[in-house]
Amino acid sequence: MQYVFDFGRLRELRRAKKMRQVDVAKRMGCSPSHLSKIELGEMTATVDDLARLASIYEEPNIADFFVRRI
């Protein structure tokens, strides 16, 4: 079974928490462009990126963002 990360859900979560991309990027220690590329799936997020996002979004179950590829 193969799993992929649903990067679009990161953007949905950020918006649901009413957080601006520039603010999240600053807390991550990256540029807004870097975060945008992660959210769009144009850049692969590192494990550190995902851990930082999980902490910022107070989302302990980051594994929920993985979906099974059929």
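The values are calculated or read from the model by the stated rules, or taken from the named source; none is laboratory data. Note that the coordinates shown come from a computational prediction; the quantities given were computed from them, not determined experimentally. All Cβ positions, glycine included, derive from the backbone under ideal geometry; neighbour counts span all protein chains shown. In case anyone asks, the SASA skips ligands and DNA or RNA and just uses the protein heavy atoms, side chains included. Shrake-Rupley method; radii C 1.70, N 1.55, O 1.52, S 1.80 Å.
Summary table
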{"quantity": "Residue in region 17-26 that is modelled with pLDDT under 90 and under 12 Å from the mean Cα position of the chain (by Cα) present", "calculated": "no"}
{"quantity": "Subset of region 1-29 [open to solvent by 70 Å² or more (accessible area, probe 1.4 Å), of a type in the set (A, V, I, L, M, F, W, C) and in contact (Cβ under 8 Å) with a residue 12 or more places away in the chain]", "calculated": "MET1"}
